[in-house]
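The values are calculated or read from the model by the stated rules, or taken from the named source; none is laboratory data. Because the structure is predicted, anything quoted here is derived from the model rather than measured. Note: ideal-geometry Cβ built from the backbone for every residue, glycine included; neighbour counts use all protein chains shown.
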Amino acid sequence: MGLYNGAAHLQGQLDSFVAQTVPDWDLTVSDDGSSDDGPAILARFAEAQGARGHAVRLVSGPGQGFAANFLSLLASVPEGAAWVALSDQDDIWLPDRLQRGMRALAPVPDGMPALYGSASWIVSETLTGHHASPRFSRPPSFQNALVQSIAGGNTMLLNRAGADLARGAAREALAVGGPATHDWWLYQLVSGAGGQVIRDETPTILYRQHGGNLFGSNRGLGAAVSRIRQVFSGQLGAWVLQNNRALGASAHRLTAENRALLGRFAELRTQDMVARARIFRALGLYRQGRAEQAAITLAALLGRI
């Protein structure tokens, strides 16, 4: 779990760990320089849960933002960890959050990296009202991952091979400044390495909306307009460049096909419009939703990604 001035809602998040139907868990928290009572709340939780057999560990984050904080955690995951779940500091895990992910990933062959992510129930700061995050109809793939993230890190679970993959790649990504977001990067990494990505449309968390959220609910007309605006403002293009650099540091971990695809994608904006149209079509990149697909196609033609 990444922590930064999260005292206001931290206890609810911690209590939801205790309520999991999977009773065997440990917790590592990276505090990125909190100045509130978050570390003290965590210390009390660690003492109480230690008596119940749960190891709760607090480490210092790199102080370089939320994505770097999570990558530093992934880089320090113990070898042999069977499952690694990511958590924010202010949500509520539903009781079967871990169990659903473990069941979904259980059939994946040993040695194959796998990543699970789910939909969320979006709720108010006081946990009142709820609606589901957007549904995605197209399958997860590297071609989708290069231009879109499809699950929040607060819903993600990695299997053993996925955690091993992320551990080494996180160190490589941090050495070149890291990706735009840790969850988007994980989707790119696992799919790019030939692993399996599972998107569960059943929500497994209550995603609390409040003034401190770095990202909003990703739902509704306003969110769709905002995402399309990101495409044409150049914000998406900046994120893509950052992601390409971080992923490129681990290119040797990708399949040969996806390594070549990443290279061609990185060269897209350097071409003239005719070449961009040809390359974009050949790459097969796509976003979820017709409007967003139209927007990303036009952005590619205009050299915005």
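Assorted remarks:
- Of residues in the stretch 2-20 being in a loop (DSSP other than H, G, I, E, B) and among the small types (Gly, Ala, Ser), the one surrounded by the fewest Cβ atoms within 10 Å (Cβ to Cβ): Ala19
- Any hit, the stretch 155-176, residues being touching an Asp or Glu at 6+ places or on another chain (Cβ under 8 Å), buried (at least 22 other Cβ atoms within 10 Å of the Cβ) and assigned to a loop (DSSP other than H, G, I, E, B): yes
- Condition check for Leu247: in contact (Cβ under 8 Å) with a residue 24 or more places away in the chain, closer than 14 Å to Ala145 by Cβ and among the aliphatic types (A, V, I, L, M): yes
- Verdict on Pro113 being surrounded by fewer than 19 Cβ atoms within 10 Å (Cβ to Cβ) and either closer than 23 Å to Phe66 by Cα or at pLDDT 95 or above (or both): no
- Condition check for Phe70: in contact with a Leu (Cβ under 7 Å, 6 or more places away or on another chain), touching a residue at least 24 places away in the same chain (Cβ under 8 Å) and under 21 Å from Met156 (Cβ atoms): yes
- Note on the stretch 126-146: residues that are of a type in the set (A, V, I, L, M, F, W, C) and surrounded by fewer than 17 Cβ atoms within 10 Å (Cβ to Cβ) amount to 2.
- Subset of the stretch 82-136 (residues that are of a type in the set (D, E, K, R), more than 18 Å from Leu14 (Cβ to Cβ) and in contact with a helix residue (DSSP H, G or I) (Cβ under 8 Å, 6 or more places away or on another chain)): Asp110
- Hits in the stretch 138-160 - residues which are aliphatic (A, V, I, L, M) and either touching a strand residue (DSSP E or B) at 6+ places or on another chain (Cβ under 7 Å) or over 14 Å from Gly195 (Cα atoms) (or both): Leu146, Val147, Ile150, Ala151, Met156, Leu157, Leu158
Okay, residues lined up against (1) touching a helix residue (DSSP H, G or I) at 6+ places or on another chain (Cβ under 8 Å); (2) of a type in the set (A, V, I, L, M); (3) more than 23 Å from Leu98 (Cα to Cα):
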| site | (1), (2), (3) |
| --- | --- |
| Leu10 | yes, yes, no |
| Phe17 | no, no, no |
| Asp26 | no, no, no |
| Ser30 | yes, no, no |
| Ser34 | yes, no, yes |
| Ala46 | no, yes, no |
| Ser72 | yes, no, no |
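- Residues of the stretch 22-47 classified as closer than 23 Å to Trp83 by Cα and surrounded by 12 or more Cβ atoms within 10 Å (Cβ to Cβ), total: 11
- Subset of the stretch 99-110 (residues that are over 12 Å from Arg199 (Cα atoms) and surrounded by 14 or more Cβ atoms within 10 Å (Cβ to Cβ)): Gln99, Met102, Val108
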